[in-house]
Each structure stands twice: as structure tokens, then as C-alpha cells.
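Structure, as C-alpha cells:
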Amino acid sequence: MKALRRYIDHIKPHFKKGGKFGKLQSTFEAFETFLFVPDKVTTSGTHIRDAIDMKRAMALVVIALIPALLFGMWNTGYQHFLAAGEARTFWQIFAFGLFKVFPILVVSYVTGLAIEFAFAQIRGHEVNEGFLVTGFLIPLIVPADIPLWMVAVATAFAVIIGKEVFGGSGMNILNPALTARAFLFFAYPSEMSGDLVWISGLKKGLAPDGFTGETILAQAAAGKTAFVNGLNELYTTRDMFLGTIPGSIGETSTLAILIGALILVYTGIGSWKIMLSVFTGGLFMGLILNLFAVNPYMELPAWEHLLLGGFAFGAVFMATDPVTASQTEKGKYIYGFLIGVLAILIRVLNPAYPEGVMLAILLMNVFAPLIDHYVVGANIRRRLKRAGFNAQSVKR
Amino acid sequence: MSDREPLFSSKNLKLLREPLNKSNPITVQVLGICSALAVTVKLKPSVVMAVSVIAVLSVSNVVISVLRKHIPPRIRIIVQLVVIATMVILVDEILKAFAYDVSKQLSVFVGLIITNCIIMGRLEAFALANKPWPSFLDGIGNAAGYGLILIIVAFFREFLGSGTIWGYPVMEKIGIYKLGYTDNGLMILPPMALITVGIIIWIQRGKNRDLIETH
């Protein structure tokens, strides 16, 4: 450690303004603060500083995502060998998934970070930390067989159009990872939807005829009441909760996501208010649809909706993005609740989108500033009233 | 009239040149966005659209400019509409007669040139206050500026969305599909036209910093 610190201090002058590599200052700074907590302190006034800076906060989110990633790797292999009808050991299954998922992760990080660093150099500001999480999220919300160049294109689109045009991390309106997914979903529908993409190898004719790799939601949308896997075995609630079902890499296991949620809530990084209200909203809308059910999809028990598709993943990791979510405490409840409601609404009532969570969160991302605006306004009015002013007569 | 200015004085040329860049109707004046989203899926209809708008705008500009002293201000909008509508019907009929395929592709959008905000905007802002010749140049300049953006957007949308340029299957000839390349379906959808226009605006503002609005 000491040697590393000494080495960094030794090369530091070269990266200062006017130094040999003065242009690369922001890159240097990014690596330095990645390795060591910065020791900069304010020189005037009293400040209380938390030891956790942005990079550490982001690293904690990544840690929270690891259970979902590991399970996703295993499930990728598990679904593959299930479809192929081969029995393998745990480690063989995991290794298959690892070789499928790891390249996606690498491509996502390399593309995104390259663009982030390039923009930081051009604009002369620090490298944003936000991509540490975005780059980890993107592989978790795509099918395992997605071509790598598509991941690269989508990541580039998300970082440039979703984030950098607005001024980088912290200024973006839409969640970048979901922007990448939405891009893929609309640009390359043949790789992102249908029966063949959710299980690795299915497209290349891995499984015998008659084997279908439909997700449970697709089966529900098709009007089925009993959900079966490709071998015609019934899915149990346990399967849905543990996540041994076809789907995007990291979204299937509600259990792994809940572990991540616990980490986020315990460390105070993810807002439990948003998570809770997303689930409440989903449950609420599910119950309403159950009441007026006219087809099997609308009859799907409300609580089962919460286990299926990307609902839990979206609620825990996407909706809670501190940049794009509502900032006010009351706003968080409204924002989350509407995400839940819209997600189930889109999912059930629009057969073209069996997965509505992505669109619901993106839509509410756009509305989050408006919600905040009115929550803040209401608070000002309430306090004015308490102080005895007539709210109308006071100009804001 | 001894101080007649020459037909192509620098002031008049400016009317032609400025809308192509510094006061582009789409990227700077933010007019005519709607049709830019609708017709730019393929290059061919976009070019036809651009030519149609040039014809409609330049002629209506001249007509309104000639009439400018005789139009009662209170009914000027309806007079402008009648002039534009006449021109649009003419263009529509010509397209139907000589370019039926493209006319079918553009379908309702030729008729919708009437509501294209660029045309009304230029009549109001320029033709009503200027002589016929400068109005004519202004019409051509603005319609060309509009057409330029249309063609740039359509080029990228057709190339990336359908893999063709002017209907010629470029991507297929290169043989890139065999490598696993797929056309980008999002490019065909209207949002991508908006994003492409946005990128053009970004590049233009990046090059010409005077255009950056501050507020």
C-alpha cells in the first residue's frame, strides 16, 4: 500500500496543469481516487464529512448486485443444459454461464468507460463514477445470447445520448442502463424478445422440436393459466422466487435481488421508500386487474406479478437510482407507486410489451422532476400558511 | 430608382446562405420539426419533400410579397393559407402525375405541407414586409435549409435503419449481414429522427458557439 501511495505521489506532478501529461489530469485523478480515499478537506468553516465518497457508494451498489450476477451466471448455464437435456455438475453449469456473461460485462465496461474518459478529457472535468454501476447493470438486464457488438452499441448510445448530452452523471434525466435496454429492445427486437432468446443456445437449434423457451410472462400473455418450462413441467412459486426460470441474466431471481435490496437499504444507499412503494403500486394495480379480470393474464395473482420478469430488479436497482428518481421524500412515494402501477398496467394490458417495468421506470424518470416541483411547492405553501401568510398573496 | 441594388447583392445572397447554417429553420428557428420526423425514413421521399417545399415556399413567398400592400392585416392568415393551399395542390397533382410511387409513399404528408410551420412562418416574418425578389430568395434559402436537414437525417435513418442508400442495398453488398450485423429497428421509428436532429443541433452548436442559447 505504502509503495503504491509513494508511486502515485511520485508521478503526480506530471499530471498537474503544465506537466508532461497535463491533458490526462482527469484520468489520473479518477485512478488515484479509485485507489485511495481523497484527503482533500475544506479550508474554511466547519464541515462534517462522511468517509464514504461517490466511488465507495457506487462500489456498494456493485456489491449488492453481485448475488444477482452470480445467480444469473448459474441460471444461464442451468437453463441451457435443461434445454439440451444434459445433466451437468454445479461447476460445469456455472462455468458455462460465466463464459456467456463475463464477455458482456467486459464489453459493457470497456465501451462505457472509454466514452466516459474521453468526454472527461475533452470537457476537462473529473471522470464520473456513475458508470461503475451502469456498466454492471447492463449485462444483468439483457438475454445471455445477445451479440456483443449490440451491447457495445447500446452502451455507447446510453452513455452519449442518455447521459453525456445532458452534462454527464448527475445531470441525466433517464436511467442510463435502462436507456441501453430500451435501445436494444426497439432497435433489435429479434434479439430481445420472442421465445428463443431467453435460453442460451436455443436460437441455434439446441433443443428438440416442441421445446419452447417462453418466459412465464409470455405464456401468461398468450392466455395460458398453467406455466410450464420447455420440458412441460409446471413452474412452482419456488421456481419463480429462486429464479430458475428463463429471462434476462440477472432479473430472474427474486431472492438474489432481495439480498441486494437488504445491502442497499442497510447501507442507506438505496431508498427503501421507493422500493416499498414500487411493490405496493404493483400489488395495488395487480389486485385491481384481478377484480375486473376478463382474461387469464388479468387473473394472474397480484403477488405473482412481483416475482416475475424484471419487476423486483427494476424496483430495487433501477427505480432507486438516486439521480433519476424523485429527490423529495414524499415525492419518492408517489414516484415509486406510479412505477408499480404503470409497470403492471403496461405488462397486462399491452400484449406487445409483456415486460412493462422498463418503460414504466423510464416514463416516471421523466416525471420525477415534476413530482419534486409540486412536492416542494406544497411544502412552501403549507409552511406559509402555518406562519399566517395567505399563500396566494406571497409571490414565489 | 437609380440606387437599384444588383440582383445578387451580398445582402440578397445572405438570404440564401444563412438558412443553410446560421438561421436554419429546423435546427435554429425550430420550425417544421413534425414533417422532419415523418418523412425521413427513406432518402427518396425526403428529397421529393425537400423539392416540394422549395417550390411551395418560394412561390408563395413571391405571391404574398406581391400582394403584401393589398392584404388587409386582419385576414392576412387566411389569404396566406389560400395561397399555400393552391401551391400544395399543384405540387400534389404534379407528383401524382409524374412520380406516383413517391407520391403514395408521402401520402398525406404532401397535403400537410400546408401546415408546415416553416412556410407560414416565412410568409409572416419575411414576405409580408419585403419585396418579391428578396422574398423569393428567402423562400428558396429557408426551404433548402429545411431540405438539407431532412436529407442528412434521412440518409442516416435509411442507411442504419434499412441498410440501403436511395434504395440500393449497400449493407448487403458489403456482406456485413453474414457477420451477424442487423439493421437498427429504432432508426425507423420517429424518436430516432428527433434524436438525429438533436445530434445535428449538438454538432452545429459545438462548431458555432454563437448559437448556444443562454438562459
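Segment A:His125..A:Thr267, full-extension length gain: 48.3 nm, with 0.36 nm per residue of separation and the alpha-carbon distance subtracted. Averaging the sequence gap over all C-alpha pairs within less than 8 Å and six or more residues apart, then dividing by the number of residues, gives chain B a relative contact order of 33 percent. Database remark: amide H of A:Val228 closer than 5 angstrom to the amide H of A:Tyr235 (H placed geometrically; neighbours at sequence offset of 5 or more, or on other chains; Pro and chain starts carry no H).
Accessible-area loss of 30 Å² or more (1.4 Å probe, protein heavy atoms, chain alone versus all protein chains) is found in region A:179-194 for A:Phe183, A:Phe186, A:Ala187, A:Tyr188. Listed by chain and number, the lysines whose C-alpha is less than 18 Å from the C-alpha of B:Lys44, apart from same-chain residues fewer than 8 away, are B:Lys96, B:Lys104.
Using the structure shown, select from A:Lys203/A:Lys332; A:Lys16/A:Lys55; B:Lys22/B:Lys173; A:Lys163/B:Lys42 the pairs with a Cα to Cα distance greater than 31 angstrom. With Cα atoms farther than 31 Å apart: A:Lys203/A:Lys332; B:Lys22/B:Lys173. Computed over chain A with a Gaussian network model linking Cα atoms closer than 10 Å, the most mobile of A:Thr111, A:Thr89, A:Thr212 is A:Thr89. Just so you know, the Rg over Rh for region A:288-396 is 1.14, from Cα atoms, with Rh as the Kirkwood radius. Semi-axes of the equivalent ellipsoid for the protein assembly as shown, computed as √(5λ) from the eigenvalues of its C-alpha gyration tensor and ordered from largest down, come to 49, 33, 27 Å. Under 24 Å Cα to Cα from B:Lys69, which lysines show up? Leave out anything in the same chain fewer than 8 places away. Of all the lysines, those that pass the test against B:Lys69 - Cα under 24 Å, at least 8 places apart if same chain - are B:Lys11, B:Lys131.
The packing ranking of peptides B:175-184, B:13-22, highest mean first, is B:13-22, B:175-184, where packing means the average number of other beta carbon atoms within 10 angstrom of each residue. Relative contact order, whole percent, for chain A stands at 15, derived from Cα pairs under 8 Å and 6 or more residues apart. Amide H contacts of B:Asn24: B:Gln29, each under 5 Å away and 5 or more positions distant or on a separate chain (H built 1.01 Å from N in the peptide plane; Pro and chain starts excluded).
Any idea of the total accessible area buried by the B-A contact, 1.4 Å probe, rounded to 100 Å²?
Between B and A, the summed buried area is about 900 Å².
Computed 3J(HN,Hα) for region A:99-112, one whole-Hz value per residue from the Karplus formula 6.51 cos²θ - 1.76 cosθ + 1.60 where θ = phi - 60°, is 5, 7, 8, 4, x, 4, 4, 4, 4, 4, 5, 5, 4, x, glycine and proline marked x. Within a straight-line Cα-Cα reach of under 16 Å, A:Lys330 can be paired with the following lysines, leaving aside sequence neighbours fewer than 8 residues apart in one chain: A:Lys273. The contact residues of region B:188-202, meaning those that lose at least 30 Å² of 1.4 Å-probe accessible area when all protein chains sit together rather than their chain alone, are B:Ile195, B:Trp202. When the protein assembly as shown is described by a simple charge dipole with +1 on each Lys and Arg Cβ and -1 on each Asp and Glu Cβ, the residue from A:Pro139, B:Ala85, A:Phe96 located farthest towards its positive end is B:Ala85. For A:Gly356, nonlocal amide neighbours, meaning residues 5 or more places apart or on other chains whose placed amide H falls under 5 Å from its own, are A:Arg347. Each 5 Å bin from zero holds the following percent of Cα-Cα pairs in chain B: 1, 7, 14, 16, 17, 15, 12, 8, 5, 2, 1, 1, 0, 0. Split the accessible area of the protein assembly as shown by element, probe 1.4 Å, and carbon with sulfur accounts for 68%.
For region B:41-54, 3J(HN,Hα) computed residue by residue from phi via the Karplus equation (6.51, -1.76, 1.60; θ = phi - 60°) reads 5, 10, 5, 4, x, 5, 5, 4, 4, 4, 4, 4, 5, 4 Hz, glycine and proline entered as x. The residues of region B:1-146 have, on average, 51 Å² of accessible surface per residue, using a 1.4 Å probe with all protein chains present. Across region B:111-117, coupling constants 3J(HN,Hα) worked out from phi with the 6.51/-1.76/1.60 Karplus curve, θ = phi - 60°, read x, 6, 4, 3, 8, 4, 5 Hz, and Gly and Pro carry x. For region A:50-95 versus region B:1-56, the spacing of their alpha-carbon centroids is 55 Å.
The values are calculated or read from the model by the stated rules, or taken from the named source; none is laboratory data. Quick caveat, the model's predicted, so the values are computed rather than measured. Cβ atoms come from the backbone with ideal geometry, glycine included; neighbour counts cover every protein chain shown. These area figures cover heavy atoms from the full protein model, side chains too; ligands, DNA and RNA do not enter into them. Shrake-Rupley method; radii C 1.70, N 1.55, O 1.52, S 1.80 Å.
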